[in-house]
Amino acid sequence: MSRIVGIDLGTTNSLVAYVDEKTGLPRVIPDRDGRALLPSVVAFTPDGVLVGEPAKRQLVRRPETTVYSVKRLMGRGYEDVKDELCYLPFKVHPCEGIVKIEIGDREVTPPEVSAIVLRSLKERAEAWFDEPVEKAVVTVPAYFNDSQRQATKDAGRIAGLDVVRIVNEPTAASLAYGLHRLKDGVVAVYDLGGGTFDVSILRVKDGVFEVLATNGNTHLGGDDFDRAIVLWLLDDIRETHGVYLGRDNEAMQELRLAAEAAKIRLSGEERTTLTIPFDAFTYHRDIARADVERLIDRLVESTLAPCRVALADAGLAPSDVGEVVLVGGSTRVPLVRRRVQEVFGRTPHSQLNPDEVVALGAAVQAHILAGGITNLLLLDVTPLSLGIETLGGIVSVLIPRNTTIPTSAREMFTTSVDGQTVVDLHVVQGERELARDCRSLARFELSGVDPMPAGLPKIEVTFLIDANGILQVAARELRTGKTAAIEVKPTYGLSDADVARMVEESFAYAEADVEARLLIEARNEADTVLTHVARALRQGGGLVTAEERERIDAALAELRRARATDVRDLIHEKTTALNRATEHLAEVMMDAALKGALGSKRAAEIIESQ
Amino acid sequence: MSHFEVFGLPRRLAVDTAELRRKFYALSRRWHPDFHQAAPAGAQARALEESARLNAAYRALRDPIARVDYLVRLEEGRETREGADQKPKAPPELLAEMFEIQEALEEAKAGGLDDAGRRGLGADRDRLLARLHAEEARLTGPLSAAWDASAAAARPQALAALKQALATRAYLRTVIDDLNEALGEQADGHVTHRRH
């Protein structure tokens, strides 16, 4: 049996983990610098593709070609996401059901972007084991529908990974907590990540993890908290500085990153200060935890109804829940913890790092599949009801939500016109009565039906949801016993041919090699310093002597010349030199800003009045 | 193979659910695809099929009302869920009362609800909910026991009683859902049994 790794493909960060044969415990594989988290960010630069930390550093510099939070677009149609596209700096277009991201003169699909992240994790694992890694368990939010799961599987294929199992994130987390930390009984897993929210209710007994019910929202997470803070800051900047930055992609990325950092600090502290240098002014703002709680209160509140529905679906009351487990970075927010505690009436567990617990659980599931663990069994459910559209657009439910998977349903179909040889089926997922309010999964065309009077053919169609939560359909004409041919037209997915083509093309998006990457990084750092110095000279150039100014200008010119070469060491050296030449200028400006703050006059005004 | 046969049970409505769960877990350990990942394709397909059958059987039998519903279909030889989506008809003894409630509902839909109308519909809803619970208790209690105890000759009668009670319950559920909707309330607060 070949090795199988566990991968958490997150909205904000991704990780890869495995079970250590010696200890029997799951562990995360770090990168060369010892970092466990790989930011799920991909930057398409003229010099090559960057992934993770280096890509994240391109967010402000190249907002139009640096893709983040792509998980929110996976398996989605344009209609699903159009309302939030105005917040994304890169361009997203509708294209044959799915969406595509415009990168210069090329277009990439969300699974291709995710594949670049997966490939980077695959290479990280291969370097760690010093052998090829070809199989993986990949996690998805429990509330992901069929299209979103399929898109995740496609991403694996494009990355050269056989995704042997798709596992739900909250369920994976419960596996990571496992038998050592969970007593037999009912467990609630509350999983609030960067872009998605899930709640799962499980019964744990004698090594069996049986999911009783799951609910959630695949479009709610820490990203939305950041967005609420950014909108508030935009208003504040308009009031205090008289400018609206909402249409400035670079400024918006600065604001988003600063808002995220402030949110994280406020999970540990009551107050924090935000300082963002813009071209024309530097923005300072004191923020209290209460400010952020006021902004995100409605969002946190909206996670509570799914918790109650999941409990009701499981036929349980909050008092039946023995333990509550917190998963996802957003559960570090104190307000979230308070609300979860209120809903379930229990102090939640959080011994395991909420960023790593899903990947650790994926590794456990991988080990089960590889035959390394035989005493644990995971019984998961399908999160959404599966149905077919019938006359008048009404949905007839074949498999209700929260049915344990794998599961199958059989249904009989016939023809309505004499001599009809083709029958169309429309399969949907969701809880609404009308097909148009549900999620369209696919249209199936059953062809090759023998021409007969209407109503005579008996076509038996079997709908099977496998252990990945993905639908498979088979059809048979009962009178002739012939297998009917099925053509699937996925509403929001890639065809097999698309995926095969993307596997071929994926090498064009291969991550730049180490040397190239370091050069891109060096140039990037040079660009950042050049921008900062130009900004500093505009705002505070008058604070230094002409002699000092001359020295800075000279260092500036030298760095510009060095940047044009391919010599990484030279670029580094000149970047450091320019930094040193501007140290004094930075000090003087900081002094001025502090005086401004003390004198209740804004730093930017002081600098502008110089 | 019927769902009862999957668990080696007779066609009876009295089921020890703790024992059923124990068997379900044991059979899952045998058939779940997780444990057949490295098996040849044929064996994998078999595991998938058995596992799907097992899950369907457990779902049909674990809940006492779902169990009755399944038994009725099994006894009548209905494999598919034919007619499952038809709106349930009002049982004759409820007709008069339902007529009034339907009228009030129509009014509410047409022109909004004043406080008195709201209170009226709320009281109707609570009364029907009590009746629903009573019907469910009758279904899973005496009617189920009557089926289990009946000799072959008395079975059609016992089955008809179960079927009638299921229809009454389905009808009440629909009207209660309509009332909840008119009142703008979530039905989820009133879930007493696992949905099926």
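Readers should treat all values here as calculations from the given coordinates under stated rules, not as data from a laboratory. What you see is a predicted model; the values in this text were computed from it and never measured. Cβ coordinates were reconstructed from backbone atoms using ideal geometry, including for glycine residues, and neighbour counts include every protein chain displayed.
In a simple Cβ point-charge model (Lys, Arg +1; Asp, Glu -1; nothing else charged), the protein assembly as shown has a dipole of about 1720 debye relative to its Cα centre. Partners of A:K482 within straight-line reach, counting lysines whose Cα lies under 18 Å from its Cα and excluding those fewer than 8 residues away in the same chain: A:K458.
How high is the relative contact order of the stretch B:3-62, in percent, with contacts defined as C-alpha pairs under 8 Å that are six or more residues apart? It rounds to 47 percent for the stretch B:3-62. Which of rounded, prolate or oblate describes the stretch A:384-493 when judged by the alpha-carbon gyration tensor and an a/c cut-off of 1.5? Prolate, because a/c is 1.5 or more and a/b exceeds b/c. Just add up the charged neighbours of A:I373: K/R +1, D/E -1, any other residue whose Cβ is under 13 Å from the Cβ of A:I373. Local net charge: -2. Within the listed set B:R12, B:R119, B:R138, the Gaussian network model of chain B (springs between alpha-carbon atoms below 10 Å) gives the highest mean-square fluctuation for B:R119. The GluC sites (Glu not before Pro) of the stretch A:270-359 that DSSP puts in a loop, and whose beta carbon has at most 10 other beta carbons within 10 Å, are A:E270. Electrostatic bookkeeping for B:S144 treats Lys and Arg as +1 and Asp and Glu as -1; over the other residues with beta carbon under 10 Å from its beta carbon, the sum is +2. Entry for the stretch B:92-190 at q = 0.13, 0.16, 0.20 Å⁻¹: log10 I(q)/I(0) = -0.54, -0.72, -0.96, Debye formula applied to identical alpha-carbon scatterers, no solvent contribution. Ordering A:I394, A:I552, A:I368 by the number of other Cβ atoms within 10 Å of each residue's own Cβ, fewest first, gives A:I394, A:I552, A:I368. Take every Cα pair under 8 Å whose residues are at least 6 apart in sequence, average their separation, divide by the length of chain A, and the relative contact order is 14 percent. Placing +1 on each Lys and Arg Cβ and -1 on each Asp and Glu Cβ, with no other charges, gives chain B a dipole about its Cα centre of roughly 1140 debye. For B:K163, a cut-off of 20 angstrom between C-alpha atoms picks up these lysines, skipping any fewer than 8 places away in its own chain: B:K87, B:K89. Taking all Cα-Cα distances within chain B, those exceeding 24 Å account for 53%. Each label point was placed 7 Å from the Cα along the Cα-to-Cβ direction; for A:A280 and A:C86 their separation is 2.1 nm. Once the Cβ-Cβ distance of B:M1 and A:A288 is raised to the sixth power relative to R0 = 60 Å, the FRET efficiency obtained is 0.40. Rounded to the nearest whole Hz, the Karplus-based 3J(HN,Hα) values (6.51 cos²θ - 1.76 cosθ + 1.60, θ = phi - 60°) of the stretch A:48-59 follow the sequence x, 9, 10, 10, x, 3, x, 5, 4, 5, 8, 4, with x at glycine and proline. For the residue pairs A:K122/A:K183; A:K82/A:K489; A:K56/A:K574, the alpha carbons lie more than 28 Å apart in A:K122/A:K183.
Taking other Cβ atoms within 10 Å as a rough exposure proxy, A:T218, B:T174 sort from fewest to most as B:T174, A:T218. Treating each Cα of the stretch B:4-46 as an identical point scatterer and summing with the Debye formula, the log10 of I(q)/I(0) at q = 0.17, 0.23, 0.25 Å⁻¹ comes to -0.58, -0.79, -0.85. Give me the angle, in degrees from 0 to 90, between the Cα long axis of helix B:64-76 and the longest principal axis of the Cα atoms of chain B, rounded to the nearest 10. In chain B, helix B:64-76 runs at an angle near 70 degrees to the longest axis. Starting from the Cα of A:D418, step 7 Å toward the Cβ, then list every residue of the stretch A:434-451 with an amide N under 19 Å from that point. Taking a point 7 Å out along Cα→Cβ of A:D418, the residues of the stretch A:434-451 whose backbone N falls under 19 Å are A:449-451.
Of A:V208, A:V41, A:V358, the sequence from fewest to most neighbouring Cβ atoms within 10 angstrom is A:V208, A:V41, A:V358.
Between A:E431 and B:A149, the simple spin-label model (points 7 angstrom out along Cα→Cβ) gives 4.0 nm. A cut-off under 9 angstrom between Cβ atoms defines the neighbours of A:V60, and their net charge, with Lys, Arg +1 and Asp, Glu -1, is +1. Centroid-to-centroid, using Cα positions, the stretch B:1-55 and the stretch A:87-105 are 45 Å apart. Relative to the globular-protein estimate of 2.2 N^0.38 Å, the Cα radius of gyration of the stretch A:475-597 stands at 2.08. I'd like the FRET efficiency for B:L95 and A:R308, computed as 1/(1 + (r/R0)^6) with the beta carbon distance as r and R0 of 45 Å, rounded to 0.05. It comes to 0.80. Taking B:T140, B:T168, B:T17 as the candidate residues, the one with maximal mean-square fluctuation in a Gaussian network model of chain B, Cα springs under 10 Å, is B:T17. Suppose R0 equals 22 Å. What FRET efficiency, 1/(1 + (r/R0)^6) with r the Cβ-Cβ distance, do A:C95 and A:R443 give to the nearest 0.05? After rounding, the FRET efficiency stands at 0.75.
Taking amide hydrogens as placed 1.01 Å from N in the peptide plane, the amide H of A:A213 sits under 5 Å from those of A:I201, each at least 5 positions away in sequence or on another chain. Long hydrophobic helices in chain A, taken as whole DSSP H segments with a C-alpha length of 15 Å or more on their own axis and mean Kyte-Doolittle hydropathy at least -0.5: A:110-129, A:169-181, A:222-241, A:249-265, A:289-301, A:334-344, A:357-369, A:514-540, A:583-598. On a per residue basis, the convex hull of the C-alpha atoms belonging to chain A measures out at 171 Å³.
Short-range pairs are left out: with C-alpha atoms under 8 Å and at least six residues apart, the relative contact order of the stretch A:222-300 is 28 percent.
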